[in-house]
Structure formats: structure tokens, C-alpha cells
């Protein structure tokens with residue numbers, strides 16, 4: 001029997017590339033109107049860029065992309081133009097296009113950990129997993145305190161069945177206070193797949209930290225069943241079912257008296 005979800009993969013934790021980078025401020029139509037007037041007088045690369053940035057903030061991706069393209073056509077040497085266009089392409093799931101833009105960012109600034117992190121995120125989304133590991137590693141080399149890079153690299157290593165290495169990355173992510181529940185959940189599964197007895201401690205920690213997460217109860221129940229531990233898995237399955245985690249109902253019928 002398999003776990004409900006072997007690996008949890010990050011626009012939310014990764015906090016995605018956007019989560020590690022500078023925050024996007026809230027855009028508004030008045031701001032765009034002001035930029036329209038500026039562009040009529042001064043159609044500079046920066047003015048197109050900032051209007052594109054404002055469009056991006058209100059999720060008008062078509063106009064944002066058009067303005068980023070115009071900014072780059074005027075000035076193809078500014079890191080932030082390519083970086084922001086890469087983020088936009090991530091949002092519209094043009095991951096290969098995003099990789100291309102982040103590659104240009106790296107050519108313009110070889111020590112930008114954000115560019116390596118973001119390119120790794122994009123690569124992982126079109127299943128260039130080894131390339132993603134390399135980029136997360138480069139990100140970590142430049143900035144050893146980039147916690148999300150350890151979490152995401154660990155997730156990919158676990159996908160490649162490199163569980164010992166994955167656990168080391170999860171340990172580091174936890175030491176940097178990165179997304180406790182997601183990190184602990186993934187570490188628990190890697191430990192379980194290595195038949196480590198302390199996996200149960202991580203499953204317990206997930207449940208204790210988020211008692212409204214049905215999947216946490218479900219995964220702990222699966223671990224107890226799989227490893228024939230002398231613990232009450234039926235209570236976990238009932239709780240998972242009550243919390244609306246649909247797969248729990250089947251196991252309840254199979255293993256427990258209702």
C-alpha cells in the first residue's frame with residue numbers, strides 16, 4: 001500500500017520563485033493610468049517595465065508580458081526585466097520560457113542566488129529534475145541560508161529515491177525554519193521508505209502541528225498499518241475521514257469496524 005502523497009511539490013511552499021524574491025506590491029488602475037501618461041511622453045524601458053510590473057500585480061498577464069517585451073526590446077541588459085518576465089512565465093506555466101529568461105539573468109549576474117533558485121523551480125516543473133538539483137545546489141552555494149532551496153532539493157532527491165540525501169536537506173530546511181509541516185511530512189515519508197523507526201516521530205509531529213489536516217492523520221495511519229505498529233490507526237482514519245480526506249473512507253471500510 002502506498003502513501004497518499006509521496007512528495008509535496010511548491011508554488012505554495014517554494015514559496016515558489018516569487019516567495020524567495022522581492023514581494024510584488026498590490027497594483028491598481030490609477031497607478032497604471034499614471035504610467036500610461038508617462039509612457040506617452042517618455043516611452044523608456046523602465047516606464048514600460050514598471051507598467052508591466054503593475055499589470056502583473058493585478059494578474060493582467062497579457063499586458064504585463066507585452067510591456068516586459070517592450071522594455072527588453074529597448075534595453076536587453078537589465079537583470080530585473082528578464083527576472084520579472086521569468087516570474088510571469090512561471091505564472092502562465094511557460095516553464096521553458098521562464099528557464100530561458102532566468103538563464104539570461106544568470107549571464108547578466110552570475111552570483112544571483114535568486115536566479116538559480118527560480119530557474120531550478122521552473123526546471124522542476126517540466127521534469128528536468130537533475131538540472132533543478134544542480135541549480136538548487138548552486139543557489140545554496142551562493143546563499144547557504146536559502147531554506148526553501150534545501151526543501152525543494154530534498155523533495156526532488158526523494159523523487160529520485162535518494163532518501164538519505166533528501167533527509168539531510170529536510171534537516172537543514174527545518175534548522176532554517178522553513179515550512180515546518182511540509183518539510184516534516186516529506187522527511188517522515190523518506191524515513192518510512194528507509195524503514196527508519198523514527199519516521200513515526202515525524203508523522204506525529206505533523207499531526208500535532210496541524211490537527212485539521214486530514215492527510216496528516218491518513219499518512220500516519222498508513223505508516224502504522226504498513227509497519228504493523230501497535231498503535232490505533234482506526235482513530236486516525238476516522239479523523240481523516242471526518243476532516244474530508246476522501247481516501248480515508250476506503251481504508252476505514254477495509255481495516256476498521258465502523
Given the residues 167, 181, which is the only one that is more than 16 Å from the chain's Cα centre (by Cα), buried (at least 16 other Cβ atoms within 10 Å of the Cβ), free of Cβ contacts under 8 Å to residues at least 60 places away in the same chain and within 22 Å of residue 209 (Cβ to Cβ)? 167
How about region 121-130: which of its residues are buried (at least 16 other Cβ atoms within 10 Å of the Cβ) and either touching a residue at least 40 places away in the same chain (Cβ under 8 Å) or over 15 Å from residue 155 (Cβ atoms) (or both)? 121, 122, 124
For region 42-140, give me every one of the helices (runs of 4 or more DSSP H) that falls completely inside it and has 3 or more residues that are closer than 26 Å to residue 30 by Cβ and at pLDDT 95 or above. 45-57, 61-74, 79-91
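The values are calculated or read from the model by the stated rules, or taken from the named source; none is laboratory data. Just so it is clear, the structure is predicted and the values come from calculations on it, not from any experiment. Heads up, the Cβs are rebuilt from the backbone with ideal geometry, glycines too, and the neighbour counts pull from every protein chain shown.
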